[in-house]
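Asker: Structure below; questions to follow.
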Amino acid sequence: MELRTKDEALLRQPPRPNGPTVAVFFGGDEAGPDVGVVRVDVPPGGGMPAHKHNGSDVILCPISGRVQITKDEESIEVRVGDAALVRKDEAVALTNPGDEVAQVIVAAGPAAFIAGIRSWPEPE
């Protein structure tokens, strides 16, 4: 059993304007587990363009705010209490249509997606 507190999480941010800040709790390192868990903080109006998850299936569960996930012409809005599955071969965009920071817990398996996040720079 292992605990990683919010203060111990590795903080990363993609090199793009108004992108999310990601707290990496588990996964994506050589000694890590086969599943990864991160908390994604998406600023109002912010998000990520269409992308894949490096061979990982991901499940997104908002804990505050809401996010919109778009694949081609289809969009879903995911709110607190909901869970969305994005399969490893799907390219999706993520946006925060709200006026508050959206916090989303994301689980990824296998943890290859988290390894990519670890390579992002630290937030400024």
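Asker: Please find, among Gly116, Gly28, Gly81, the residue that is part of a loop (DSSP other than H, G, I, E, B), modelled with pLDDT under 95 and under 30 Å from Glu2 (Cβ atoms).
Answerer: Result: Gly28 is the single residue among Gly116, Gly28, Gly81 that is part of a loop (DSSP other than H, G, I, E, B), modelled with pLDDT under 95 and under 30 Å from Glu2 (Cβ atoms).
Asker: Among the residues of the stretch 33-78, what is the count of those that are over 10 Å from Gly98 (Cβ atoms), among the basic types (Lys, Arg), assigned to a strand (DSSP E or B) and over 11 Å from the mean Cα position of the chain (by Cα)?
Answerer: Here the count works out to 1.
Asker: Under 6 Å by Cβ, and 6 or more places apart or on different chains, what pairs join a residue from the stretch 73-88 that is in contact (Cβ under 8 Å) with a residue 12 or more places away in the chain with one that is surrounded by 13 or more Cβ atoms within 10 Å (Cβ to Cβ) and among the β-branched types (Val, Ile, Thr)?
Answerer: Sorted first by the residue in the stretch 73-88, then by its partner, the pairs are Val78/Val67; Ala83/Ile59; Ala84/Ile69; Ala84/Val78; Leu85/Ile59; Val86/Val58; Val86/Val92.
Asker: Does Glu90 qualify as being surrounded by 14 or more Cβ atoms within 10 Å (Cβ to Cβ) and assigned to a loop (DSSP other than H, G, I, E, B)?
Answerer: Against the criterion (surrounded by 14 or more Cβ atoms within 10 Å (Cβ to Cβ) and assigned to a loop (DSSP other than H, G, I, E, B)), Glu90 qualifies.
Asker: Next question. Across the stretch 64-87, what is the number of residues that are surrounded by 16 or more Cβ atoms within 10 Å (Cβ to Cβ) and more than 13 Å from Pro44 (Cβ to Cβ)?
Answerer: Selection size over the stretch 64-87: 5.
Asker: Here's a follow-up. Within the stretch 13-31, how many residues are surrounded by 14 or more Cβ atoms within 10 Å (Cβ to Cβ), under 19 Å from Gly109 (Cα atoms) and not β-branched (Val, Ile, Thr)?
Answerer: Total satisfying the criteria: 6.
The values are calculated or read from the model by the stated rules, or taken from the named source; none is laboratory data. On a predicted model such as this, the values are computed, not experimentally measured, just so you know. Virtual Cβ from ideal backbone geometry, glycine too; neighbours counted across all protein chains shown.
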